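Q: The structure's right below; bear with me while I get my questions together.
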Amino acid sequence: MMRFVQFILGLSIALSVPRIAPAIPDPASDPSGDNPSPQAEILLIVGAPGSERFAAVFGEARQLIEAAAISAPAPVNVIQDDLTDGTPPRQQIFDVLKEMKPDGLLPLWIILTGHGTFDGVDAKFNLRGEDITSKEFKEALQRFTRPVVLVLGFSASAPFLTDLAGPDRIILSATKSGYEMNYSHFARYFAEALLDPDADADRDEQNSLLETFVFAAKQVRDFYESENRLLTENALIDDNGDGRGTPAEWFNGVFTSSEAEDGTEVDGLRAHQLVLIPNEIERQLSLEDRQLRNDLEKELRLLRKNKDQTPPESYRRQLEQIFRQIARIYYPEKSQDPEPVEEQPSDQTPQSETGTDAPGETANDADPQAAESKNVNPDGTAQSSPSDEPDSGRQPQAETETETEAADESSEQPSSDSAKEEDQ
Ligand SMILES: [Ca+2]
Ligand SMILES: [Ca+2]
């Protein structure tokens with residue numbers, strides 16, 4: 001792993017990563033076809049390090065993210081914690097967000113690496129000069145209707161997830177609570193996972209945002225375990241906009257093996273539809289095609305969820321219709337005379353129906369049969385069905401409590417050892 005990281009860091013330096021100044025160019029695709037279409041816009045915010053050691057770690061994360069951005073490709077705008085141009089970082093964040101295109105289909109990835117604090121009321125991301133609060137960040141993002149990915153790679157970040165949640169917001173927080181205040185390692189592992197082929201759980205040659213999240217969180221847990229330290233950061237993901245994060249441990253590869261006790265939808269589907277560095281198949285699809293495919297996958301999930309309340313013939317007809325539409329996106333040349341979809345005794349994934357390896361199609365489908373046949377661990381090894389697993393600590397009851405923790409910060413009491421930031 002270290003060799004891989006060194007290679008990436010070396011590559012990043014060798015390629016002399018371009019720094020794009022506050023005004024990000026219009027990311028519309030190059031009509032000449034000489035340059036590949038941008039896959040996202042990235043805003044990387046590096047917080048106040050507090051010490052040289054943290055500055056080095058944040059710098060590594062930055063290099064890895066910039067290397068991933070080159071592979072995407074994606075223009076990167078970096079707000080580093082310095083005052084070289086005289087504008088405080090907090091104001092730079094407001095200025096840059098004000099300049100950015102608020103709508104369209106191209107996702108905006110906002111990645112924060114640094115330290116955070118929470119005093120029971122306000123959650124803050126630490127910057128030189130005045131910090132930025134979750135409420136201020138929410139306000140600055142108010143105008144954005146385009147897909148926004150937020151990677152909250154800092155301590156005490158969970159209240160940001162709660163405050164910033166909304167339609168087409170895909171939010172990853174390093175912690176499950178504002179009271180997890182120790183230094184967070186998540187951002188560094190997330191940056192590494194963007195480029196690590198081992199994160200590709202479903203082996204489709206691209207790391208979805210969900211896969212990257214799950215893999216990074218696992219790396220964090222492994223780190224604490226290897227150090228014989230108590231795990232003081234538990235990552236959450238919210239991609240259905242309800243402000244309730246799903247814990248990383250709920251995922252086996254890209255599938256969830258647990259359901260929220262109160263019946264609310266678990267997250268993951270949307271995050272598995274987003275990739276920073278697409279495989280060749282995904283790269284061929286326009287943003288409009290991807291949007292249509294993503295909507296169809298959502299429809300499919302809903303249909304499956306309501307299978308028991310749907311008459312069998314109607315269910316089969318709707319299933320066929322969705323699969324045909326998805327097939328048309330991947331194989332437009334065959335759309336004139338699509339092959340009829342055979343009736344299946346059980347609902348299969350669109351991957352098997354259409355013969356594509358496209359991402360997201362099987363994402364996080366809670367269908368036990370589909371999960372049984374498709375489940376893979378983040379390391380790609382086959383995995384038994386959730387019901388066959390020994391107790392892995394993902395009991396719905398406990399997990400639902402965990403979810404509630406993120407949603408209701410005020411109900412949680414600070415732990416005695418979390419008051420001060422701890423270094424690595
Ligand atoms: Ca993948
Ligand atoms: Ca959620």
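The values are calculated or read from the model by the stated rules, or taken from the named source; none is laboratory data. Predicted model, so just to flag it, every value in this text is computed and none were measured. Positions of Cβ are generated from backbone atoms using ideal geometry, with glycine treated the same way; all protein chains shown enter the neighbour counts.
Q: Name every residue in region 267-286 that is crowded, with 23+ Cβ neighbours inside 10 Å and either more than 16 Å from ligand 1 (Cβ to nearest atom) or of a type in the set (Phe, Trp, Tyr) (or both), in order of residue number.
A: Of everything in region 267-286, just one residue is crowded, with 23+ Cβ neighbours inside 10 Å and either more than 16 Å from ligand 1 (Cβ to nearest atom) or of a type in the set (Phe, Trp, Tyr) (or both), namely ASP267.
Q: Could you please give the count of residues in region 265-291 that are outside any helix (DSSP H, G or I) and away from ligand 2 (no atom under 16 Å from the Cβ)?
A: Qualifying residue count, region 265-291: 7.
Q: For region 169-181, enumerate the residues that are more than 12 Å from the chain's Cα centre (by Cα) and either surrounded by fewer than 24 Cβ atoms within 10 Å (Cβ to Cβ) or of a type in the set (Asp, Glu) (or both).
A: LYS176, TYR179, GLU180
Here's the yes/no breakdown for (1) aliphatic (A, V, I, L, M); (2) in contact (Cβ under 8 Å) with a residue 24 or more places away in the chain; (3) more than 16 Å from ligand 2 (Cβ to nearest atom); (4) within 23 Å of ALA260 (Cα to Cα):
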| residue | (1), (2), (3), (4) |
| --- | --- |
| SER155 | no, yes, yes, no |
| ILE170 | yes, yes, no, yes |
| ASN182 | no, yes, yes, no |
| GLU205 | no, yes, yes, no |
| PHE213 | no, yes, no, yes |
| VAL220 | yes, yes, yes, no |
| GLY241 | no, yes, no, yes |
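Q: Continuing with this model, one more query. Please specify each residue of region 224-258 satisfying the condition of being of a type in the set (S, T, N, Q) and in a loop (DSSP other than H, G, I, E, B). Outline the logic, then answer.
A: Keep residues of region 224-258 that are of a type in the set (S, T, N, Q), which gives 226, 228, 232, 234, 240, 246, 252, 256-258.
Those that are of a type in the set (S, T, N, Q) and in a loop (DSSP other than H, G, I, E, B): ASN228, THR232, ASN234, ASN240, SER257, SER258.
Q: Suppose the filter is in a loop (DSSP other than H, G, I, E, B), away from ligand 2 (no atom under 13 Å from the Cβ) and more than 22 Å from GLN39 (Cβ to Cβ); does GLU261 pass it? Even if it seems obvious, please write down each step before you answer.
A: Numbers: in a loop (DSSP other than H, G, I, E, B): yes; away from ligand 2 (no atom under 13 Å from the Cβ): yes; more than 22 Å from GLN39 (Cβ to Cβ): yes.
Here the answer is yes, as GLU261 does meet what is asked.
Q: Consider PRO247 carefully, then state whether it is in contact (Cβ under 8 Å) with a residue 60 or more places away in the chain and in the same structural domain as GLN63 (by TED's automatic domain parsing).
A: So PRO247 passes the test.
Q: Could you say whether any residue in region 176-193 is touching a helix residue (DSSP H, G or I) at 6+ places or on another chain (Cβ under 6 Å), within 16 Å of ligand 1 (Cβ to nearest atom) and of a type in the set (A, V, I, L, M)?
A: Yes, there is a match, as at least one residue in region 176-193 is touching a helix residue (DSSP H, G or I) at 6+ places or on another chain (Cβ under 6 Å), within 16 Å of ligand 1 (Cβ to nearest atom) and of a type in the set (A, V, I, L, M).
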